[in-house]
Structure formats: structure tokens, C-alpha cells
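The values are calculated or read from the model by the stated rules, or taken from the named source; none is laboratory data. As the structure is a prediction and not an experimental result, all values here were calculated from the model. Note that each Cβ is placed from the backbone with ideal geometry, even for glycine, and that neighbours are counted across all protein chains shown. We work out accessible area using only protein heavy atoms, side chains counted, and drop any ligands, DNA or RNA first. Shrake-Rupley method; radii C 1.70, N 1.55, O 1.52, S 1.80 Å.
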Amino acid sequence: MVGRSKAGKALLGLLFVLAGPAAAQDVPATGSNYGGVGLIEMRNARFRPDGTLEAGAAIRHQRQFWSLTFQAFPFLETTFRLTDRLNATAGQGTTNDRALDFKARLWEESRWRPALALGAQDLIGTGLYSGEYLVASKRFWDVDVTLGLGWGRLGTAGDLRNPLGAVSDRYLTRSRNVGLGGTPAFGTLFRGRDAAVFGGLEWSVPPGLVLGLEGLRAKVEWSGDALRDERGGYPARRDGTRGEARSRLNFGLQWQPNPWLDAGVHVVHGTDLLLRLSLRLDPARPPEVPRSPPPAMPARPEEAAPPGMLEAALRRAGFRPVRVEVQGEEALIAVGGGRQPTLAQVAGRVLRLAQPHLPPEVERVAVEWHRSGLPIARLEVLRGAMEAASGGAGSAEEVLAAASLGPAEAGSAPGPDLLWAVEPRLALQIGDPKVGLRWQAAAAAGARLGLGEGFALAGSLAQTAAGNLDKAQPSDSVLPHVRSDLGRYARDGRTAIPTLYAERLWSPAPDWFARVSAGLLEPMFGGVSAEVLWRPQQRPLAIGLDLAWVAQRDYRQRLASLGYSAATWHLSVYADLPVWNLSTVLRAGRYLAGDWGATLEVSRRFNSGIEVGGFATLTDVSARRFGEGSFDKGIFIRFPLQLLGPETPARATALIRPVVRDGGQRLAVDSPLYEVTREGRAEALGRDYLGLLR
């Protein structure tokens, strides 16, 4: 007890020192081995710049940590972590653990006070690394000093009695029951008999002192976690066995030579050498492959070009002319397709292409944009404003201020139109008990034949090239296996027909959109799907309703079915929030396994087009019947492929589900109306108005 009293006094004393005056410096933070910003294994009170995405790996004996960190807001850091480890509970073999961490800034550093942060490690997971902390950091010239107090796994060193026990005895008991994992462990926050002091120093090594390296940091840390591994089954130990670390002192070097790389080598627990590497990205300003400048806007012609010249120019640029009309000072150009992903970029490119072909008296040009045969927006632009901006005498802001946005009129190309593509596809499964990551790479060829008036035929063929997804563990779900048999689908469907269907998309009235699809709608289900969407152009919300009757397809993904069928429907509300470019979707209805519930999706979209978000679904399926993970949830990143160089509207999507089960699963069609029409809204135009000049 005397030792714990001394530790408490030391904690108070060091906090007093940290609060002393010192000049705070803007020094980039560095990553920790568990993901997120920190020292070595312990977190500090530092954060990456707002929006930063960081993917990292840390490898030591019997452990591999894979992490994805997103600085969701200036004050909130989130980390998803996958750990491949020796199965210390069983004493043999390997297993893996998934966890979600949060760290919140309480206040920033000033001249007199340290930065202060509060965090929860493994708040949503199995509880294996579950712990909470309060941490302060203060910079003194080239040294960053950190001191904190840890609970749970971060308090296993037991330096002192949990100070919150003075508030209530309930804080002295911490549940060891982790259940099926995947649920927020609110009932264990800051609880437990013991707590531990942790801290450390991070020295910014002067440039040139070591081999001329810049961005080198030396770190030393006193850990609050006294465990090296989980022998005995921590946190739900079966006996008194503890895989204790030989030492709580960790130290090492970390190198951050540029804005995207963070590498390090550390000695941890007194026994292990650990190597770490992380790569990060600012989604607001991602690096882009240099592209050719947009075509120059020529001077107005003295007279109109011969009929058909404008349509030919549009086709050469990848557009599909739907309608071209010229009446006096006004021109209407309706196009589909194109290589540009946003309305502003489409309108800017069409105006440049049309300039040498329009009569000189035309002053207002309306560009209508059709996607998947559906008219989604009409942007009317002053020709003179565009000419001035392209010549350097104006700006994109002035073009936007003089433009008007409205709903497009229904219309369609008069004849058949064929679009086709060959693309790589990658399917991932995270959290298999035997292997942390299973994957399958395939080549897919797809085609869409537009028949006019919104009617189309579409389909695809896929051939598996490589991967281990076909070796996934058999499903143990007690629900209908609507998704959990993905390993068998991968094994039996190496040559497959993922989709083959007919559909119609149309706009029955301004701001209203409709879709009907029938056939093989996705790799696992076929049937009939219908959807209607109200999406007012000038408002930050939309409401949709989708209904479907589907039958589960056979594992070979040909024309046969397995005999299971379901009726599914959802009412969806889409909303743009007025802060941080946040978008939300709330869905409620009946899912593929017959369960009833709701899904909440929240995402943040950056001006580059990169979008990061997460979702969670709760239904009337209990955690016990759902199985491992307790409920469906996941993280997604959408990345515009045009950032890699080519002009294309395509986006790659990375979806991370901690575990794939059958509860809370929705039908996945190729043309959901909100995604098709999303770029036709005023919010999207305002976000990408600079695209008018790209």
C-alpha cells in the first residue's frame, strides 16, 4: 500500500511539472505499435491532422498487429486493429482478434498546460486488449513528455488502487465475461481493482546527428501493461497463469522522413524485437498522378458548325449524345456516359467540346447529365462566364454564381447503346479463426446494353485468378446462410455469372426516380427488385423505398437456386449534415434472413472524392443467435480511381467487416438510385465546382 501511495504522489508531481511553462512546437505526431498516435505500446495525447488515414503493421514474435486509423474529426481518433497471435488460451495454434479503439482530445496544449486526451482501447471487440486511459503530453523543446493513468489491460501493472473506487465501489470490479465479442464494453469502462501509471519520452533527434537522417525520433516508454501475452486466457483467465512481461520498459527508434511514411524498430517487454511500418494519406489533399490539362476553350466560331459535328465530338470524348437542341440564344446538350465523375466536370468538358460547334449568338448552354440511362441533373451555364474563366479573366466561382441547377427532363438516346468493361475484382474476409485475412482475386467482364427510355440489359462474367477465400471455415450460423457461405461460393464459383438482369431506370416527375430490376441481381441472389427515390435537388435529404423478392442462387453462380427465398424491403432516409461534410443513411425494414431491424451509416466525404465511413445494423436477432461479433458492422473507404491518373467515374470500395454473418444483410444491386443520382444535387455541385475548369 505504501508503494501505491508513492506512485500516486509521483503521478501528481509529474502532472504539476507538465503544467509548467514551455514553448509548444508544431512537431508531427508518430504512430504506436497498436495503431493510432502514441509512444510505443502506450498512447499519448497527440493526434494526426484532421482526416488523416493511416494503415500500419507491427510484427514481433508470436504477434502481428494490422491497423487502420482514421482521424475522424480534429478531436477524435478511431482505430480498427486485427491481431494474429499465438492461441495462448489453448496453448497451441494461432487465432486472431479484432478491436476498435477511440481516443478523444479533451483540450490542446498551451504554454502552461499539457495536451490532455481520454481513450478506450478495444472498446468494441473481444476484450483481449480492453483498457482505458487518461493521458497528458507536454513538449519541452525537442522532447515530448507523456504521463498517463491506465485501467484494464493498461492497468495490469497494478501500481495503485483504482482512484475511482473513492467515488463508488462498483468501479473496483471489472467483468471478465467478453461474451461473443463485438459489442461496446461500456460496463467495464475505467473499472477494475487496480490502475497503473505509464509514461515516456519522445526525442526529436537533430537532423544529421545519426547518418544524416531527418525525422528520426528516439522513444522510451514505461508501460502500464504488465503482460506480454494472454496465457491463462486473459481477460477471462481460467487459472492463475499470467504471461507477464520481463520488463515494463520499452524503447526504440522511429523514422518519419516525409508526410506519408512512419517506420520503426522497438525493443518491448524486455524480450522481443518489434518492427513497425505505417503509411498515411491526407484524403483532402491526396497525391495525384499528373494528368494532361483539359482541352483549351477556343474562340467562338463565326457561324454554326454543320449538323452532326457536335455529336461526333462528344462521342470522341467518351460521351453518349442524348439530345442537342439550339433555339436562338439558348442551347441544350444532353449527354450520358463520359469519363468524368461529377456534374461540374461533365459540364465543363461538354462546354469546351461544344464551343467551336455552337452558333455565335448562343449565350446560355444547358447541360443535362444522364447516368445509367437516368436523367439526374440540368446545369445552365453562361457561355461568356465560361469563356472568361477559361481565359484567366474569370473564375470557377463566377461561373457557378451565374449558373442555375435544375432537374433534367426525361429523355433517352434513340438507339441501342453498348457499354462494356474488363476490371479486376477483389473479395476479402477478415477474422477467419485460422487466418486473419482471406481473399480472392478475379477478372470480370461486364456489359450494359441501353435500349432507350431507361431500359437496359446488363450482365457480367468472372474468373477467379488466385486467393484463399475458398478455404474459409464452414458456416456455423443458425440463421439462413444468406452470406456466411461465402467460402463455398468462392470454391464452387471459380467461373461464374455474378449478374445477368434486365432493368429500367426513369424519372416519373422532377426530383423523383424509379428503378425495376429482374434477373440474377448479385452473386448470391436473383429475383425482382424495385425502388423509388425522392431526392430534392436543393435540399440536404432524400427518402427512398426498395422492395424485393429474391431466391438464393446456387454456389456455382449459374442459373440454379438453392431453394431459399425471401421478401425484403427497406425505407431509407439520406441526410447531409452541416458539419465536416458528413452524410448519414438510416434504413429500417426486413433483411435477407427474415430479420427485422435498422442500419445506421455515417460517412465523411472529402473534396477529393474520397469517402470514409462506417455502419452498424441491429435487428431482432439476438447476439447469441447472430454468433461471433454479436451484430453486423463494418468500415468502408471509397476511392475515386481518377486520382490514379485515368479519366474515369469509377470508384474502388474497400469494405472491412470484422466478421461475416447472416443477420442484418441486405440485397446488393448494381444501380441503387441514391448512388446513381447523388452527384446531381446542389451539395455535390458546390463541393466540386472547381471541376468546371478541369
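Highest first, please rank the peptides 132-140, 519-527 by the mean number of other Cβ atoms sitting within 10 Å of their residues.
Values: 132-140: 23.2, 519-527: 21.4.
Final packing ranking: 132-140, 519-527.
Farthest towards the positive end of the charge dipole of the chain, among the residues L332, A566, A402, is the Cα of A566, using unit charges on the Cβ of Lys, Arg, Asp and Glu. Extension gain for the segment R300 to S622, taken as residue separation times 0.36 nm less the Cα-Cα distance, is 109.2 nm to one decimal. Under conditions of 10 °C and 1.306 mPa s, segment 442-529 yields 105 µm² s⁻¹ as its translational diffusion coefficient, taking Rh as the Kirkwood radius over Cα pairs in the Stokes-Einstein equation.
When the solvent-accessible area of segment 537-613 is split by element, carbon and sulfur atoms take up 64 percent of it, the probe being 1.4 Å. Model label points for A518 and L249, set 7 angstrom from Cα along the Cα-to-Cβ axis, are 7.6 nm apart.
Here segment 608-625 and segment 647-671 have alpha carbon centers that stand 11 Å from each other. Give me the percent of DSSP beta bridges within the chain that run antiparallel, rounded to the nearest 5. Looking only at bridges with both residues in the chain, the antiparallel portion is about 95 percent.
Converting phi to 3J(HN,Hα) with the Karplus coefficients 6.51, -1.76 and 1.60 and the offset θ = phi - 60°, segment 243-248 yields x, 6, 6, 5, 8, 8 Hz in sequence order, with x at every glycine or proline. The overall shape of segment 56-155 is prolate: from the C-alpha gyration tensor, with semi-axes ordered a ≥ b ≥ c, the ratio a/c is 1.5 or greater and a/b exceeds b/c.
Computed from Cα positions, the angle between helix 2-18 and the longest principal axis of the chain comes to roughly 50 degrees.
Each Cα pair under 8 Å and six or more residues apart adds its sequence gap; the mean of these over the residue count of segment 254-307 is a relative contact order of 22 percent.
Would you work out what percent of the accessible area of segment 436-495, with all protein chains in place, is carbon or sulfur (probe 1.4 Å)? Could you put the intermediate results ahead of the total?
On the way: 1670 of 2740 Å².
Result for segment 436-495: 61 percent of the exposed heavy-atom area is carbon or sulfur.
Computed extension gain for S175 through L541, at 0.36 nm per residue and net of the alpha carbon distance, reaches 127.5 nm. Placing +1 on the Cβ of every Lys and Arg and -1 on the Cβ of every Asp and Glu, with no other charges, gives segment 360-421 a dipole of roughly 180 debye about its Cα centre. All other residues whose Cβ lies under 10 angstrom from that of K219 are scored, Lys and Arg at +1 and Asp and Glu at -1, for a net of -2. Across segment 394-408, rounded Karplus estimates of 3J(HN,Hα) from the backbone phi angles (6.51 cos²θ - 1.76 cosθ + 1.60, θ = phi - 60°) give x, 9, 4, 4, 5, 4, 5, 5, 8, 8, 9, 10, x, x, 7 Hz, Gly and Pro being marked x. In order along segment 211-220, the phi-based Karplus estimate (6.51 cos²θ - 1.76 cosθ + 1.60, θ = phi - 60°) of 3J(HN,Hα) comes to 6, x, 6, 9, x, 8, 10, 9, 10, 9 Hz; Gly and Pro are listed as x.
Enter the angle in degrees (range 0 to 90, nearest 10) between the Cα long axis of helix 343-354 and the first principal axis of the Cα atoms of the chain, meaning the one along which they spread out most. Approximately 40 degrees, to the nearest ten. By the scheme Lys and Arg +1, Asp and Glu -1, what is the net charge of all other residues having a beta-carbon under 12 Å from that of A317? Charge balance in the 12 Å sphere: +4. Among the listed values (i) 1.06; (ii) 1.15; (iii) 1.02, the one computed from these coordinates for Rg/Rh (Cα atoms, Kirkwood Rh) is (iii).
Only helices enter the 222 nm calculation for the chain: every DSSP H run of n ≥ 4 contributes -39,500 (n - 2.57), and dividing by all residues gives -3000 deg cm²/dmol, rounded to 500.
Over segment 212-348, with every protein chain in place, what whole percent of the accessible area is carbon and sulfur at 1.4 Å, could you tell me? C and S fraction of accessible area: 57 percent.
Ranked by the mean number of other Cβ atoms within 10 Å per residue, highest first, peptides 296-302, 588-594, 505-511 order as 588-594, 505-511, 296-302. Given +1 at the Cβ of Lys and Arg, -1 at the Cβ of Asp and Glu and no other charges, the dipole of the chain around its Cα centre is 2500 debye to the nearest 20. Each Lys or Arg adds one and each Asp or Glu subtracts one; over the other residues with Cβ under 15 Å from the Cβ of E329, this totals -3.
Charged side chains reduced to their Cβ positions (Lys and Arg at +1, Asp and Glu at -1) give segment 638-694 a dipole of some 200 debye around its Cα centre.
Roughly how many Å² is the accessible area per residue of segment 482-565, as a whole number, for a 1.4 Å probe?
Details: 3530 Å² over 84 residues.
On a per-residue basis, 42 Å².
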